[in-house]
Amino acid sequence: MISFLRGTVAHVGLSSAVIDLNGAGMSVNATPQTLSGLRVGEEGKLFTSLIVREDSLTLFGFASDDEREVFDVLLSVSGVGPRLALAVLAVHEPEAIRVAAHSGDGKAFTKVPGIGPKVAGRIVLELAGKLVPHGTAGAPVAAVSAESVWKPQVVAAMTSLGWSEKDATASIDKSLADSPDLAANGNVAEILRATLRWLGQDGARAGNRVGARG
């Protein structure tokens, strides 16, 4: 795996740069912010992620190892490819992405061109627990405890996945009835997972009742 490139910057374009490595030019795709830090003729260093496809090998470059880590985690979300993951990093700093994923803030992801409410909801759901904010000065970010703060975020995530606001609210209340600790903790991602898990179990129970009556 190519972890980073260091060499003379031979070219800087709108969406990519070329790094001269002892006479070999390596083309790297990057965000506008990363590219703005490169100067033609000067030495440049980029952390990289190599994407292998059947018909291509594509390098993506980042100004920091943290950006590359967030990029790689974004790729684990179904339906999110390297171009879309790079677009997310073009709009949000890595820490902002961590905070949005941890708090279930799907609206933050809809600010990225190409990401609608459904994709944003899927990103929040699948990134839950995978990206943890670094917090201030290395301290972990405290969980939100007030229901008036976390509940609208969970409802918004569920409506983006197709549930009505009424059904989402009722499902949250029912799923937390036996888990008051989750409500007290106020972790949006954990509450969202618990609610979706409860909905799946409730659907199975409903199916069993229908089958029994038949």
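The values are calculated or read from the model by the stated rules, or taken from the named source; none is laboratory data. Small disclaimer: the values here were computed from a predicted structure and weren't measured. Note that we place each Cβ from the backbone using ideal geometry, even for glycine, and neighbour counts take in every protein chain shown.
Observations on the model:
- Screening region 139-214 for helices (runs of 4 or more DSSP H) wholly inside it with 1 or more residues that are under 24 Å from Val119 (Cβ atoms), of a type outside the set (D, E, K, R) and at pLDDT 75 or above returns the ranges 147-160, 165-175, 188-213.
- Residues of region 21-78 that turn out to be of a type in the set (Asp, Glu) and under 23 Å from Ala101 (Cα atoms), as a count: 5
- Out of Gly23, Gly81, sole residue that is without any contact (Cβ under 8 Å) to a residue 12 or more places away in the chain and closer than 30 Å to Ala157 by Cβ: Gly81
- Restricting region 1-50 to residues that are aliphatic (A, V, I, L, M) and surrounded by fewer than 16 Cβ atoms within 10 Å (Cβ to Cβ), the residue that is nearest to the chain's Cα centre (by Cα) is Leu50.
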